[in-house]
Structure formats: C-alpha cells, structure tokens
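The structure appears below as structure tokens.
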Amino acid sequence: GQSLEQPSEVTAVEGAIVQINCTYQTSGFYGLSWYQQHDGGAPTFLSYNGLDGLEETGRFSSFLSRSDSYGYLLLQELQMKDSASYFCAVRQAGTALIFGKGTTLSVSS
Amino acid sequence: EAQVTQNPRYLITVTGKKLTVTCSQNMNHEYMSWYRQDPGLGLRQIYYSMNVEVTDKGDVPEGYKVSRKEKRNFPLILESPSPNQTSLYFCASSSRQGAGNEQFFGPGTRLTVL
C-alpha cells in the first residue's frame, strides 16, 4: 500500500526550532511537497524537494533523502502565526498529490 | 487576482438530493483536482483532470462525478449524497502535472448531508 507517516502533533515555544518528519512508502515518486493549513483555511504551498538535499525559503527549510524515503520540514524562529497543520505530500506519476494525515503545530509564548 | 473559487462555501442537504459544487480557476491551469478532508484522515483525492475532457479517479471516487468541459471549470457532482459524504471539500489547480508544481487550493466547501 501507499502511506505517508508524520507525527500527529508537535508543540514548541516562540523563537524555537521545530522539525516535522515525513516518511513515505509509495508506488511512484516525483517529489515531496509541504503545505500549511490554518484552522478553517485552505492548504497553501510551502516548499518542494525533487532532489536530495535541503531547500531553504526564509524561516522554513525542507529536506529530502530519496534513498531513505524520508523528508522533513524545519521551521526556525517560530512565531505564534506558525500554529497550523502541516502536510507532507508525494507526487506520483499519473495522479495528483498523496497527502499525509498532517501534523498540528502549536506554538506558545 | 489569481484564484480558485468554489461555490457554495457551505451546504446542508438531505440524503439523495443531487447537488453540484462548482470550482473555477482564472490562472489558465491545465490540472485540476478535488479533495475531501476529514478529521484525522488528511486530504484525500477524489478525482483529477489533466486537461479539458480528461478526467481520472483518485483515491476515493465512489459516489462522485466530475466533468471538465472548459479549462477553467471543474464541477463536483454528487448524484445521490449520503451522510458519509459529509466533509470539507477542496478544489485545487496547478499549471502542470509534474514534479514541483504548486497546487492552488480554493477556500473549501463544507458539506453536511443529513
């Protein structure tokens, strides 16, 4: 079967660094994406990794190791507004994205 | 403004009463898809379309139909809704179906089937 595993919840304080891991087992793989979703809102794109390594976009970075079927999203200098759900998603040939079940990040002051 | 719109945003209906949720994008995207989101289950793909008149099933297509007669529109049809289709639905579009493409999501439609 196909699956993406990520932690269901993560908590942290403002200013801290948090890493959200994602392991995947899929029949095809064209890259790993990350999406953010605030309560009641639509998912919004954060980052994409098609090749192994680290991609950095401001306070957010994403990493991929295709040999380990593993990736992570790193959030630095956490702010209250980062409290949201974060989804990893794998693109497969011929289909759309397969999403993980999401990680709820709670940032406290 | 580049956007994906969905209508209605909220809908309460009864079992068996046919309904359509519309989705439209103004970005000239080839690729469109529908997802449902349920607590603890994340986003699951219902149907997707790679271009006009080209549609295919996603992971949970049972009980749904779609059509893609125009590039900008991708309506989701529930011919005979049932309570297990109560969910939050998202339409999304992207410029190409391939590695790295960012999907733009609509605001969501919260459907309740009684």
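The values are calculated or read from the model by the stated rules, or taken from the named source; none is laboratory data. Bear in mind that the values here come from a model prediction, so they are computed numbers and not experimental data. Here the Cβ is made from the backbone with ideal geometry for all residues, glycine too, and neighbour counts use every protein chain on show. Remember, those area values only see protein heavy atoms, side chains included, never the ligands or the DNA or RNA. Shrake-Rupley method; radii C 1.70, N 1.55, O 1.52, S 1.80 Å.
Of everything listed in (1) in contact (Cβ under 8 Å) with a residue 60 or more places away in the chain; (2) under 22 Å from A:Gly41 (Cα atoms); (3) open to solvent by less than 40 Å² (accessible area, probe 1.4 Å), the single unmet condition for B:Arg36 is (1). Can you pull out every residue in region A:9-40 that is modelled with pLDDT under 95 and part of a loop (DSSP other than H, G, I, E, B)? Listed by number, the residues that qualify are A:Thr26, A:Ser27, A:Gly28, A:Phe29, A:Tyr30, A:Gly31, A:Asp39, A:Gly40.
Within region A:77-95, restricting attention to residues that are hydrophobic (A, V, I, L, M, F, W, C) and not in a loop (DSSP other than H, G, I, E, B), the residue that is farthest from B:Gln37 (Cα to Cα) is A:Met80. Within the option set A:Leu74, A:Leu64, A:Leu105, being assigned to a strand (DSSP E or B), modelled with pLDDT of 95 or more, open to solvent by less than 50 Å² (accessible area, probe 1.4 Å) and within 12 Å of chain B (Cβ to nearest Cβ) holds for one residue only, A:Leu64. Here B:Thr22 meets the list (1) outside any strand (DSSP E or B); (2) surrounded by fewer than 21 Cβ atoms within 10 Å (Cβ to Cβ) almost entirely, failing just condition (1).
Scanning region B:86-107 for residues that are modelled with pLDDT of 95 or more, surrounded by fewer than 20 Cβ atoms within 10 Å (Cβ to Cβ) and not polar (S, T, N, Q) yields a count of 2.
Selection of region B:25-65 for residues being among the charged types (D, E, K, R), touching a strand residue (DSSP E or B) at 6+ places or on another chain (Cβ under 6 Å), assigned to a loop (DSSP other than H, G, I, E, B) and more than 10 Å from every other protein chain (Cβ to nearest Cβ) yields only B:Glu30. Within region B:63-74, identify whether any single residue is over 11 Å from the mean Cα position of the chain (by Cα), open to solvent by less than 40 Å² (accessible area, probe 1.4 Å) and not basic (Lys, Arg), and answer yes or no. Checked against the condition, which is being over 11 Å from the mean Cα position of the chain (by Cα), open to solvent by less than 40 Å² (accessible area, probe 1.4 Å) and not basic (Lys, Arg), region B:63-74 yields no hits at all. Note on region A:1-36: residues that are under 16 Å from A:Thr104 (Cβ atoms) and in contact with a Phe, Trp or Tyr (Cβ under 7 Å, 6 or more places away or on another chain) total 8.
When each of B:Arg96, B:Arg68 is tested for being within 12 Å of chain A (Cβ to nearest Cβ) and of a type in the set (Lys, Arg), the lone residue that passes is B:Arg96. Here A:Ala84, A:Ala89 are screened, and the one residue that is among the aliphatic types (A, V, I, L, M), in contact (Cβ under 8 Å) with a residue 12 or more places away in the chain and within 11 Å of another protein chain (Cβ to nearest Cβ) is A:Ala89.
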